[in-house]
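Visitor: What follows is a structure written as structure tokens; I'll ask about it next.
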Amino acid sequence: MKRIILKAAAVLSVLVISAAAFSGCGKTASENLIRVGVCAGPYEDMFREGIQPQLEAKGYTVEYVDFSDYVQPNNALAENEIDANVFQHSTYLKKFSEEHGLDLTYITEVPTAAMGIFSNGFESIDSVSEGSEVAIPNDDTNLARALRVLAQTGIITLDPSIDPSKATVKDISENPKSLVFKEVNAEILPTVLDSTGLAVINGNYALSAGLDLADAVYIEQLGEGYYNVIAVRTEDADKAFAKDIAAAVHSEEFRSVIEDPSNQYMAFNKPSNYND
């Protein structure tokens, strides 16, 4: 009887040790896996080509999770379904986080494909005819941004007394060509070019639809707060993986990818700390 008890204890001990070993392996794998949320456009490629090799050299594995809109990636990040995302500018991140009670932050800006005003019917802003329909994003942040891009061209004027980051169509003070505005989901803007006079399209969606930024009738001049960022949960901002991502972005290896003439990033706007 004593030998049976001892044998049972030995088996239990082995099981406990095995469970602990497997638990340890799982923890290690989790710590070394970085799940990155992306939307359609060039930023998955940018991460894969310019950042991932450096992370892999440090022992990380990188996986990508694709999202079809600008809402899911931040919710997924907040819910720990992914570890970082790259698709949005810092102004959108801040506004979305405040509106949805999310504790997210960004660890670095990245070179960004600016918004472009595209047209299948007009070759320049000056040639746009009176009463033309203009398609713009329907989410608050990118709608305001699109209006500012249009204002940069002089085709409309925004009320100088309002906060330009919150501009709506109602804040247009001058519209000499009586443009008609159509608000649609940002991701489908490239599909409405044939039915509208102009479409103001986020750079990532333009590129993913096969549009060339060089063909736009106008390219946005990016201001502070409108460069795309790599976001993480605020609680993770000081963790090793977040610091390693940021370090990769500010490396010579990353810049060599961005500035390679054979890549699509050469024409992207560069943030002020790009060379830091």
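The values are calculated or read from the model by the stated rules, or taken from the named source; none is laboratory data. Note that this is a predicted model, so its numbers are computed, not measured. Ideal geometry is used to build each Cβ from the backbone, glycine not excepted, and the neighbour counts take in all protein chains shown. We work out accessible area using only protein heavy atoms, side chains counted, and drop any ligands, DNA or RNA first. Shrake-Rupley method; radii C 1.70, N 1.55, O 1.52, S 1.80 Å.
Visitor: Which is the longest run of the chain containing none of the GluC sites (Glu not before Pro) found in DSSP loop states (not H, G, I, E, B) with at most 15 other C-beta atoms within 10 Å?
Guide: 131-223
Visitor: Express in nm, to one decimal, how much length is gained between S129 and H100 on full extension, taking 0.36 nm for each residue of separation and deducting their alpha carbon distance.
Guide: Numbers: separation 29, 0.36 × 29 = 10.44 nm, distance 4.03 nm.
Contour length minus the Cα-Cα distance gives 6.4 nm.
Visitor: Working from the alpha-carbon coordinates of region 139-214, get Rg over Rh, Rh being the Kirkwood radius.
Guide: Rg divided by Rh gives 0.96.
Visitor: May I ask you to derive the relative contact order of region 188-275, considering only C-alpha pairs under 8 Å and at least 6 residues apart, and to give it as an integer percent?
Guide: 16
Visitor: Here's a follow-up. Anything over 23 Å Cα to Cα? Flag those among K166/K243; K58/K94; K94/K270; K94/K243, in the order listed.
Guide: Checking Cα-Cα distances, K166/K243; K58/K94 exceed 23 Å.
Visitor: Moving on to the next point. Could you check the simple spin-label distance between N80 and S178, using points 7 Å along Cα→Cβ, in nm with one decimal?
Guide: Each label point lies 7 Å from its Cα, and together they span 5.9 nm.
Visitor: Run the Debye formula on the Cα coordinates of region 41-168, all scatterers equal and no solvent, and tell me log10 I(q)/I(0) at q = 0.10, 0.15, 0.17, 0.18 1/Å.
Guide: -0.45, -0.88, -1.03, -1.10
Visitor: Once Lys and Arg get +1 and Asp and Glu get -1 on their Cβ, which of N273, N175, V232 lies farthest toward the positive end of the dipole of the chain?
Guide: Checking the options against the dipole of the chain, the answer is V232.
Visitor: Now a separate question. Carbon and sulfur together cover what percent of the accessible area of the chain at a 1.4 Å probe radius?
Guide: 51
Visitor: Under the rule of -39500 (n - 2.57) per DSSP H run of 4 or more residues, summed and divided by the residues of the chain, what mean residue ellipticity at 222 nm is obtained, to the nearest 500 deg cm²/dmol?
Guide: Dividing the helical sum by the residues of the chain leaves -11000 deg cm²/dmol.
Visitor: I would also like to ask the following. So what does Y106 come to for accessible area, using a 1.4 Å probe and Å² rounded to 10?
Guide: Number for this one is 100 Å².
Visitor: Here's another thing I want to ask about it. Using Cα pairs closer than 8 Å and at least 6 residues apart in sequence, work out the relative contact order for the chain, in percent.
Guide: The value is 27 percent.
Visitor: Okay, moving on. Using mean Cβ contacts within 10 Å as the protection proxy, how do 66-73, 157-164 order, highest first?
Guide: Taking the mean over residues of other Cβ atoms within 10 Å, the ranking is 66-73, 157-164.
Visitor: Further, regarding this structure: Along Cα→Cβ, 7 Å out, is where each label goes; now give me the distance between the ones at N120 and S161 in nm to one decimal.
Guide: 4.1
Visitor: Just subtract the alpha-carbon distance of D194 and A57 from 0.36 nm times their residue separation and send over the number in nm, one decimal.
Guide: On the way: separation 137, 0.36 × 137 = 49.32 nm, distance 4.62 nm.
Additional length available on full extension: 44.7 nm.
Visitor: Over the Cα atoms of the chain, what radius of gyration and what Dmax do you get, in Å?
Guide: For the chain, the Cα radius of gyration and maximum Cα-Cα distance read 23.8, 98 Å.
Visitor: So, R0 is 30 Å and r is the distance between the beta-carbons of D69 and Q264; what FRET efficiency does that work out to, to 0.05?
Guide: 0.85
Visitor: What percent does the relative contact order of region 65-218 come to when contacts are Cα pairs within less than 8 Å and at least six residues apart?
Guide: 30
Visitor: With a Cα-only, solvent-free Debye model of region 86-244, what are the log10 I(q)/I(0) values at q = 0.13, 0.15 Å⁻¹?
Guide: Those come out to -0.62, -0.80, one per q.
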